[in-house]
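To start, the structure under review is shown below, and the notes come after it.
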Amino acid sequence: MVDVGCGAARAIAELTEHGLKAVGVDPDERMIAVAKARWPDADFRIAGAYELPFADVTMDGYRADKVFHELFEPERALAEARRILAPGGRIMLVGQDWDSFVIDSDDPALTRSVVRAPADLVPGPRTARRYRNLLLAGFEEVTVEVHTGVFTGPAMLPVLVGLAEGACSAGAVSRARVDVWIAEQRARAEADRMFLALPMFVAAATAPR
């Protein structure tokens, strides 16, 4: 199977441990270099989701984790997935909806601005909610699940800070207001009062037999 957007290849290692022949694909040469250094015996290729370096109907599985929100043309990527998947092959897409960060804050209006501004910088911020309809265009046995992670500790504070900095960079929120919002979230984390709920969409389907 192929892991599209494999990054540093943690998933490739896990898939291999389960006895699968997994190939990692990523358009970033630096990430492929890191992956090869970590897993020198694994198979990695430099390529993007639109042009995969595999012959037709040669893969039994296709995986893309937090990739499709970076694509301007998800339909084109799915056409490529259909090309390489053998009949009955399985595809799995995992990703978040960038409008769906649930964050507790003393200033809900400001929080909405913090969440929405970075979403506007992503090519496909709402692609995850489209997974089912996208897959129905060329696949069978389409299923979608939503698994929500709830985070209350400081480990996820960098995610909140990143959202706020993205809103500031986009010009949606002033530097002063962002600093106040970040300070509140830091104080919440230190007092064990931070709350972030993040739904992750998991879609799967089968290539036509």
Open item on the list: I need a count of the residues in the stretch 16-26 that are in contact with a Cys (Cβ under 7 Å, 6 or more places away or on another chain) and either small (Gly, Ala, Ser) or open to solvent by 70 Å² or more (accessible area, probe 1.4 Å) (or both).
Closed with: 1
TODO: Only residues that are in a helix (DSSP H, G or I), surrounded by fewer than 17 Cβ atoms within 10 Å (Cβ to Cβ) and basic (Lys, Arg): list them for the stretch 153-209, please.
DONE: 175, 186
- [ ] Please work out which residue is least open to solvent (accessible area, probe 1.4 Å), limiting yourself to the stretch 58-73 and to residues that are over 15 Å from residue 205 (Cα atoms) and under 22 Å from the mean Cα position of the chain (by Cα).
- [x] 68
Open item on the list: Just checking, does the stretch 160-182 include any residue being touching a strand residue (DSSP E or B) at 6+ places or on another chain (Cβ under 6 Å) and β-branched (Val, Ile, Thr)?
Closed with: no
Task: Any chance residue 13 is at pLDDT below 95, open to solvent by less than 60 Å² (accessible area, probe 1.4 Å) and touching a Gly at 6+ places or on another chain (Cβ under 8 Å) - done: no
Task: Candidates 49, 55, 77 - the one that is at pLDDT 95 or above, hydrophobic (A, V, I, L, M, F, W, C), in a loop (DSSP other than H, G, I, E, B) and surrounded by 13 or more Cβ atoms within 10 Å (Cβ to Cβ) - done: 49
TODO: Considering every residue within the stretch 137-144, establish whether at least one is of a type in the set (D, E, K, R), open to solvent by 70 Å² or more (accessible area, probe 1.4 Å), on the phi > 0 side of the Ramachandran plot and at pLDDT 95 or above.
DONE: yes
Task: Unmet requirement for residue 145, which otherwise passes all of (1) closer than 25 Å to residue 66 by Cα; (2) touching a residue at least 60 places away in the same chain (Cβ under 8 Å); (3) acidic (Asp, Glu) - done: (2)
Open item on the list: Looking only at the stretch 80-124, count every residue that is more than 30 Å from residue 165 (Cα to Cα), assigned to a helix (DSSP H, G or I) and open to solvent by 30 Å² or more (accessible area, probe 1.4 Å) and tell me the total.
Closed with: 2
TODO: Could you run through the stretch 53-87 and say how many residues are free of Cβ contacts under 8 Å to residues at least 60 places away in the same chain, in contact with a strand residue (DSSP E or B) (Cβ under 6 Å, 6 or more places away or on another chain) and over 30 Å from residue 121 (Cβ atoms)?
DONE: 3
Open item on the list: I'd like the full set of residues that are under 16 Å from the mean Cα position of the chain (by Cα) and among the acidic types (Asp, Glu), limited to the stretch 121-152.
Closed with: 145
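The values are calculated or read from the model by the stated rules, or taken from the named source; none is laboratory data. The model shown is predicted, which means the values in this text are computed figures rather than measured ones. Cβ coordinates were reconstructed from backbone atoms using ideal geometry, including for glycine residues, and neighbour counts include every protein chain displayed. To get the accessible areas, we keep the full protein, side chains included, count just its heavy atoms, and leave off ligands, DNA and RNA. Shrake-Rupley method; radii C 1.70, N 1.55, O 1.52, S 1.80 Å.
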